[in-house]
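Novice: Below is a structure I'd like to ask you about.
The values are calculated or read from the model by the stated rules, or taken from the named source; none is laboratory data. Keep in mind it's a predicted model, so treat the numbers as computed, not measured. Neighbour counts run over all protein chains shown; Cβ positions are idealised from the backbone, glycine included. These accessible areas exclude ligands, DNA and RNA; they are computed on the full protein's heavy atoms, side chains included. Shrake-Rupley method; radii C 1.70, N 1.55, O 1.52, S 1.80 Å.
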Amino acid sequence: MKNDNMLTRRQMLKLGGAALAAIPVLAFTGTAFAATNAALRTSIKYQDKPNGEKSCAGCMQFVPGKTATDLGGCKIFAGDTEISPNGYCAAWVAAPKK
């Protein structure tokens, strides 16, 4: 007597192959979107332009990108990787002079 709920070996292999093929697609898709923390950005009034002389590049919370003009991160915005070095927010604190 055959159980209709059981998968055949051929069906299992097809599902396994499809799952293996989906892994790189899902990995690529996950990194294609930049991470932003919109709710926190709004609450701390983040903007992509400086406020006078105050910019993220001069803030002690800023984590620079690969170059001085690349987008970076911020210690305040956990997981956010699209902070402009020319941006500004209400949590701005002057970086110590070197």
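Novice: So which residues in the range 38-54 are free of Cβ contacts under 8 Å to residues at least 40 places away in the same chain and either out of contact with any strand residue (DSSP E or B) (no Cβ under 6 Å at 6 or more places or on another chain) or of a type in the set (F, W, Y) (or both)?
Specialist: Answer for the range 38-54, where residues must be free of Cβ contacts under 8 Å to residues at least 40 places away in the same chain and either out of contact with any strand residue (DSSP E or B) (no Cβ under 6 Å at 6 or more places or on another chain) or of a type in the set (F, W, Y) (or both): A38, A39, T42, S43, D48, K49, G52, E53.
Novice: Please specify each residue of the range 37-70 satisfying the condition of being hydrophobic (A, V, I, L, M, F, W, C) and in contact with a Gly (Cβ under 8 Å, 6 or more places away or on another chain).
Specialist: C56, F62, V63 - these are the residues of the range 37-70 that are hydrophobic (A, V, I, L, M, F, W, C) and in contact with a Gly (Cβ under 8 Å, 6 or more places away or on another chain).
Novice: Would you call A57 outside any loop (DSSP other than H, G, I, E, B) and aliphatic (A, V, I, L, M)?
Specialist: Yes.
Novice: I'd like the residue in the range 65-98 that is of a type in the set (A, V, I, L, M, F, W, C), touching a helix residue (DSSP H, G or I) at 6+ places or on another chain (Cβ under 6 Å) and surrounded by 15 or more Cβ atoms within 10 Å (Cβ to Cβ) and, out of all such residues, is nearest to K54 (Cα to Cα).
Specialist: Only one residue tops the list, namely I83.
Novice: Among (1) touching a strand residue (DSSP E or B) at 6+ places or on another chain (Cβ under 9 Å); (2) farther than 13 Å from A35 by Cβ, where does T81 come up short?
Specialist: Tallying (1) touching a strand residue (DSSP E or B) at 6+ places or on another chain (Cβ under 9 Å); (2) farther than 13 Å from A35 by Cβ, T81 fails exactly one: (2).
Novice: Now for a different question. Would you be able to say whether some residue in the range 24-40 is at pLDDT 65 or above, open to solvent by 60 Å² or more (accessible area, probe 1.4 Å), assigned to a loop (DSSP other than H, G, I, E, B) and of a type outside the set (D, E, K, R)?
Specialist: yes
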